[in-house]
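Working notes, beginning with the structure itself.
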Amino acid sequence: MSDKIFIFDTTLRDGEQVPGCQLNTVEKIEVAKSLEELGVDIIEAGFPVSSPGDFNSVVEISKAVTWPTICALTRAVPNDIKVAAEALQYARHKRIHTGIGTSDPHIRYKFNSTREEIIERAVAAVSYARKFVEDVQFYAEDAGRTDNEYLARVVEAVIKAGATVINIPDTTGYCLPEEFGAKIRYLMEHVDGIHKAVIATHCHNDLGMATANTMSGLINGARQAEVTINGIGERAGNTALEEVVMALRSHHELGLDTNINTHRISSVSRQVSSLMNMPVQPNKAIVGRNAFAHSSGIHQDGVLKNRESYEIIDPKDVGIDENSIVLTARSGRAALKHRMHVLGVELEKEALDKAYEAFLRLADRKKEITDDDVLMLAGEHRQNHRIKVEYLQVTSGIGLQSVASIGLSIAGEKFEACASGNGPVDAAISAIKIIIRRQMLVKEFLIQAISKGSNDVGKVHMTVEHDGRQYYGFSANTDIIAASAEAFVDAINKFVI
Ligand code: KIV
Ligand code: ZN
């Protein structure tokens, strides 16, 4: 029998902190339900005191899911803890996650405090949280750079105060696998009462070591892995759920396993990537589109003779079904609905009708509709924008001045403008600026093809600066000039209300 590793998913908290990845409450509920179906043990649903939106999301996720524990983040501050307890009131299984920085740089520069005072504040936070819930997780922020002897004192004190789970974050992604594993082992061997609590790893990927560090932590005694789908998260991201789960599944000799239904990994990965507009790099382990693609002749020959020659994981085990029904212009609404369901998306009838019309238009231009296309269509029909692009006509070419004429509808009223530019995108954006008279600067502009082929859908990610703040816009279209104009308008919709 394997030892159980608890999977704590923080896609909706640490993952969602990434600029441009913000989800609304409805989208967060969709992801939370998918995480429940995936078999995640604990869902970190947000940081309730940080905003009314986060508070509300924790409330609604608590109502929407049944089995996983719902966790809410706090600082070691009484009001944070009180607000988190309120947000968790509907959760069937609830956990407060409180903590404080324990490394010398945190103690000195962030808190202007002393080691002793930090232990007092940690103990006070845990004791206060225990007044509201039985399950209290403590995080020692920047534990990766905290000296082991002091860390052991902090951990011992908070376990005595009632902490049930101890999170050891490598907040800055600094540790090497051997060093992180040794840290966990040190705590297992030197903390009185360590067996009363579960030790958790929470590794960031700044040096590309997040999964290796997590595995090393688990091998040395940690029994909870904190992860995100696709490894999204601050800076270089967090440990990827799919990597840890499949590493444990592939290495039975470790005697460690999770409750994850691996067949759902691929669809949750796509759902999160699509909702958060965060593309998965093609060579990403387990969920990248090349993760199981064998291109060299020698490899193809080997795999055809016996899959195990070059594959350590059967793609079907992570939900990649090469024989899944291909959607084309002849597919009906039911086939589209089914595909969306498989991908974890449920649309109301009206939104599904609109998505189906858009699907038929796309299928006219593209031979085969991929899962990414389907998720893109589903995303479009969830949005309810006040400003919409009605039409766009562009002339451009070698030796020609680019000129765009655009029609926008703003709350149902029609506006038109025409402008020239140093290329078709510049012309389209200049025309939009004639209608929307605000100070707006395109700070970032990324065009990306979803898969392959000149008839493919292009995704555009854009960051627009307005009034000192940055707003994120996204669109996808087989016409990349149209997608660029739509992404610009998507960003504008976030500040022109
Ligand atoms: O990386 C980190 O230290 C965190 C804590 C808040 C758990 O995300
Ligand atoms: Zn983190």
Inset, instruction - Can you give me the ranges of the strands (runs of 3 or more DSSP E) entirely in segment 151-261 with at least 1 residues that are among the small types (Gly, Ala, Ser), within 14 Å of ligand 1 (Cβ to nearest atom) and under 28 Å from the mean Cα position of the chain (by Cα)? - result: 198-203, 224-227
Inset, instruction - Any residue in segment 110-121 that's closer than 15 Å to residue 98 by Cβ: show its pairings with residues that are among the small types (Gly, Ala, Ser) and part of a helix (DSSP H, G or I) at Cβ separation under 8 Å, as long as the two are six or more apart or on different chains. - result: 119/157
Inset, instruction - Name the residue, out of 269, 274, that is without any contact (Cβ under 8 Å) to a residue 60 or more places away in the chain, within 30 Å of residue 457 (Cβ to Cβ) and either of a type in the set (S, T, N, Q) or in a loop (DSSP other than H, G, I, E, B) (or both). - result: 269
Inset, instruction - Please identify the pairs in which a residue from segment 232-252 that is closer than 16 Å to residue 312 by Cβ and at pLDDT 95 or above has its Cβ atom under 9 Å from the Cβ atom of a residue that is within 14 Å of ligand 2 (Cβ to nearest atom) and among the aliphatic types (A, V, I, L, M), counting only partners at least 6 apart or on another chain. - result: 242/227; 243/210; 243/227; 244/225; 244/227; 245/225; 245/227; 248/225
Inset, instruction - Can you give me the ranges of the strands (runs of 3 or more DSSP E) entirely in segment 405-478 with at least 2 residues that are of a type in the set (A, V, I, L, M) and within 28 Å of residue 366 (Cα to Cα)? - result: 441-449, 458-466
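Does any residue of segment 106-113 turn out to be closer than 30 Å to residue 90 by Cα and touching a Lys or Arg at 6+ places or on another chain (Cβ under 8 Å)?
no
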Legend entry - All positions within segment 363-403 that are part of a strand (DSSP E or B) and either surrounded by fewer than 15 Cβ atoms within 10 Å (Cβ to Cβ) or touching a residue at least 40 places away in the same chain (Cβ under 8 Å) (or both): 369, 387, 388, 389, 390, 391, 392, 393, 394, 395
Inset, instruction - Report, by residue number, each residue of segment 162-187 that is surrounded by fewer than 21 Cβ atoms within 10 Å (Cβ to Cβ), farther than 23 Å from residue 121 by Cα and away from ligand 2 (no atom under 15 Å from the Cβ). - result: 176, 177, 178, 179, 182, 185, 186
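Among the residues of segment 136-150, how many are in a strand (DSSP E or B) and within 16 Å of ligand 2 (Cβ to nearest atom)?
The qualifying residues number 5.
Considering only residues of segment 485-497 that are over 11 Å from residue 392 (Cα atoms) and not hydrophobic (A, V, I, L, M, F, W, C), which is modelled with the lowest pLDDT?
Going residue by residue through segment 485-497, those that are over 11 Å from residue 392 (Cα atoms) are 487-497.
Next, from what is left, pick out any that are not hydrophobic (A, V, I, L, M, F, W, C): 490, 493-494.
On the way: 490: 87, 493: 88, 494: 83.
Ranking the qualifying residues of segment 485-497, first place goes to 494.
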Inset, instruction - Name every residue in segment 420-435 that is buried (at least 19 other Cβ atoms within 10 Å of the Cβ) and either out of contact with any Phe, Trp or Tyr (no Cβ under 7 Å at 6 or more places or on another chain) or in contact (Cβ under 8 Å) with a residue 60 or more places away in the chain (or both), in order of residue number. - result: 424, 425, 427, 428, 430, 431, 432
Inset, instruction - Select, from 46, 15, the only residue that is in contact with a strand residue (DSSP E or B) (Cβ under 6 Å, 6 or more places away or on another chain) and either hydrophobic (A, V, I, L, M, F, W, C) or crowded, with 23+ Cβ neighbours inside 10 Å (or both). - result: 15
Inset, instruction - Scan segment 4-27 for residues that are more than 16 Å from ligand 1 (Cβ to nearest atom) and at pLDDT 95 or above and report the count. - result: 2
Legend entry - Which numbered condition residue 135 misses (of (1) of a type in the set (D, E, K, R); (2) near ligand 1 (Cβ under 10 Å from one of its atoms); (3) in contact with a Lys or Arg (Cβ under 8 Å, 6 or more places away or on another chain)): (2)
Inset, instruction - For residue 483, state whether it is more than 22 Å from the chain's Cα centre (by Cα) and among the small types (Gly, Ala, Ser). - result: yes
Inset, instruction - Please go through segment 375-395 and pick out each residue that is of a type in the set (A, V, I, L, M) and at pLDDT 85 or above. - result: 387, 389, 392, 394
Legend entry - Number of the exception - residue 13 against (1) charged (D, E, K, R); (2) under 19 Å from residue 125 (Cβ atoms); (3) without any contact (Cβ under 8 Å) to a residue 60 or more places away in the chain: (3)
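The values are calculated or read from the model by the stated rules, or taken from the named source; none is laboratory data. This is a predicted model, so every value here is computed, not measured. Glycine also receives a Cβ, built like all others from the backbone with ideal geometry; neighbour counts cover every protein chain displayed.
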